[in-house]
Structures are given as structure tokens and as C-alpha cells.
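Structure first, commentary second.
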Amino acid sequence: MRVTGEIHAFDLGQRTGFCFGAPGPKPRRSGAVVLKRKHEAQAVAFGNFIYFLEEEWRRGAPEMIVAEEALSLAAMNRMDASQAVVDMHYGLHAILRGMAHRFGRTVMNSHPGTVRKHFLGMGRVPGGRDETKAALVARCHLVKLMPRDSNDDDRADAISIWDWAASTYGQRSATMTELFLIGEKPR
């Protein structure tokens, strides 16, 4: 499958990162949307996500939609995730798939290790979750896909997913336009 049109990439969560654009040197738009505040019900997040997708796609659905694959129940159990976290995770994935179907599209899955291998040069970052998020943000700054004044790791996750999809399915990614060493620090 070769993609030349818009790719919409998502890092799903209560605060959802997104990155939109055709394969090439820069995405058209990226950011993060807060779907609900801490005290609000999950239904608020689900309704807001439906509204967000409807607004984005009513003028035309992207050629490809990609999101990090849903975690397995076993992985959720290992993380000791609460029922609310499990419901939110699977609910957002279900909404994305349902809305994609409504607009005549399917959702492609990305595996986090594969995306990190592409974007960071390694599937596992030494340390933990915080070190991985910091590495993604630093790489986004280095390749100029995110402004230096932004340290938004949800946005960085979505950008890395978009770049992987642009490279894998569009054979053209932002990180292929200029040479940077893996681990190189922004100047």
C-alpha cells in the first residue's frame, strides 16, 4: 500500500496527541487535545473525541489513519491498570475505529517498539517511560517537527507515529530529508 495523501496519526489517551499531513518533510499540523478534565466522566472524553474527529474529517477523511495498537488485557494487568484506565483505553480505540469506518477508512496499527526503532534508532530506551518520552521530544526538536518551546510528549508520540507511517507507507518521512545521528542533541 502506497500512501500519497493525508496521514492522521494518534497517540490515544485522556490527552490525545495528533499529527496530520501527507508524507514529506513536515506534517501539516500536530498537537494534543484534552478530551476531559480529571473530575469529568469518561463519557465527556468519548463525546469530545467523536466531535474532534467529526470536525477534522467532515471536509474529507485522510487517506490513512494510524494509531498505536491497543494494549492487551495482559499488559494492562501487568501495569495494574484500573478499570477506568482500561475502559478509557479501549473506548478511545473503539471510537477511532468506528469513526474511521463511518468515513470509509480503516485504522492501521503501529507497534511502539517499531515506531521507536524507526524514530529513535532503538526499540527500547534505557530507563523507563519518562526517559522514552524525553527522547521522543528531543528527537522532535532535533528534526524540527516540534517547536523548541513545546515539551508535549503526547504530541511527540503522535509525530513519531506519523513519521513512521509516512516512511513505511508513503516512502517519504521527515527524518529522511536531513541526516541526524541517533542520539544527537539539538543545537
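Each value in this text was obtained by applying a stated rule to the coordinates, not by laboratory testing. Note that the structure is predicted; figures quoted are calculated from it, not measured. A quick note on method: Cβ atoms are made from the backbone with ideal geometry, for glycine too, and the neighbour counts reach across all protein chains shown.
Applying 1/(1 + (r/R0)^6) with R0 = 22 Å to the Cβ-Cβ distance of Ala74 and Ala43 gives a FRET efficiency near 0.20.
Remark on Asp11: its backbone amide H falls under 5 Å from those of Gly17, Phe18, Ala158, a criterion applied only to residues 5 or more positions apart or on other chains, H modelled at 1.01 Å from N. Comparing Val33, Val44, Val125 in a Gaussian network model of the chain, where Cα atoms under 10 Å apart are tied by springs, the biggest mean-square fluctuation is seen for Val44. Between Ala67, Ala41, Ala94, where does the largest GNM mean-square fluctuation fall for the chain, given springs only between Cα atoms within less than 10 Å? Top of the fluctuation ranking is Ala41.
Cross-link partners for Lys36 among the aspartates and glutamates, with Cα-Cα distance under 18 Å and sequence neighbours closer than 8 places in the same chain left out: Asp11, Glu54, Glu55, Asp87, Asp152, Asp153, Asp154. Toward the positive end of the charge dipole of the chain, about the Cα centre and with charges on Cβ (Lys, Arg +1; Asp, Glu -1), which of Val143, Ile50, Gly60 goes farthest? Of Val143, Ile50, Gly60, it is Val143. Each residue of the stretch 152-162 is assigned a 3J(HN,Hα), and the resulting list reads 6, 6, 5, 5, 4, 4, 5, 4, 5, 5, 4 Hz, derived from the Karplus form 6.51 cos²θ - 1.76 cosθ + 1.60 (θ = phi - 60°), x at Gly and Pro. Quick check: from the Cα gyration tensor, does the stretch 71-130 come out rounded (a/c under 1.5), prolate or oblate? Oblate, because a/c is 1.5 or more while a/b does not exceed b/c. Taking the chain as a Gaussian network of alpha-carbon nodes connected by springs under 10 Å, the highest mean-square fluctuation of the residues Ala75, Ala165, Ala134 belongs to Ala75. Shape of the chain from the C-alpha gyration tensor: oblate (a/c of 1.5 or more and a/b not above b/c, with a ≥ b ≥ c the square roots of its eigenvalues). Per residue, the chain reaches -14500 deg cm²/dmol at 222 nm when only DSSP H runs of four or more residues are counted, each adding -39500 (n - 2.57).
Projected label points at Arg59 and Glu131, each 7 Å from Cα along the beta carbon direction, are separated by 4.3 nanometres.
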